[in-house]
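What follows is a short report on a single structure.
The values are calculated or read from the model by the stated rules, or taken from the named source; none is laboratory data. Please read all numbers here as calculations on a predicted model, not as lab measurements. Ideal geometry is used to build each Cβ from the backbone, glycine not excepted, and the neighbour counts take in all protein chains shown. Surface areas here come from the heavy atoms of the whole protein model, side chains and all, with no ligands, DNA or RNA. Shrake-Rupley method; radii C 1.70, N 1.55, O 1.52, S 1.80 Å.
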Amino acid sequence: KVLLGDYYVQHDRFDEARAIYGEVLGQEPLNMSAQASLYRYFIAKDDRDSSEVMMQTMLTNPSYKSDEKVSLIAWAIGENRKAGKDSVENIKLFRTVLAQPQENATMQRLYANYLEYINPSLLSLAVY
């Protein structure tokens with residue numbers, strides 16, 4: 001069903017896509033594929049507020065593994081850059097993820113590397 005919703009988004013049939021994503025998430029609230037598609041839907045609709053909420057939802061979804069959350073963070077950083085947002089938004093996303101139990105230290109290392117990249121003096125903020 002999610003693929004049908006994606007098809008609808010690609011063909012500007014947004015109402016139909018939204019209905020499908022809502023139906024799937026109504027039945028399976030943690031469905032990763034539907035969450036990611038709904039995020040892309042909000043991006044396609046240029047609904048930044050809803051896309052940010054969806055990203056927060058995905059980053060706190062316990063179904064996502066560490067490497068998937070790393071991909072989500074990278075995706076969000078790219079979207080934030082396109083939207084002209086500063087690094088504060090990205091730091092908030094990292095903190096959201098790091099407030100959740102971590103299966104390994106990958107996200108902490110990525111956060112430290114990100115802070116060092118944007119400003120080496122911010123590295124002290126990486127201690128969470």
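See the values below:
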quantity	calculated
Residue in the stretch 30-48 that is of a type in the set (A, V, I, L, M), in contact with a helix residue (DSSP H, G or I) (Cβ under 7 Å, 6 or more places away or on another chain), modelled with pLDDT of 95 or more and more than 26 Å from residue 97 (Cβ to Cβ) present	no
Qualifying residue in the stretch 63-70 (condition: under 14 Å from the mean Cα position of the chain (by Cα) and acidic (Asp, Glu))	yes
Residues within the stretch 58-101 that are of a type in the set (Asp, Glu), under 23 Å from residue 33 (Cα atoms) and either in a loop (DSSP other than H, G, I, E, B) or open to solvent by 60 Å² or more (accessible area, probe 1.4 Å) (or both), tallied	2
Residue 122 being open to solvent by less than 70 Å² (accessible area, probe 1.4 Å) and at pLDDT below 85	yes
Condition met for residue 104 (at pLDDT below 90 and either in a helix (DSSP H, G or I) or open to solvent by less than 90 Å² (accessible area, probe 1.4 Å) (or both))	no
Matching residues, the stretch 1-56, being in a helix (DSSP H, G or I), open to solvent by 90 Å² or more (accessible area, probe 1.4 Å) and not acidic (Asp, Glu)	3, 7, 10, 18, 27, 40, 53
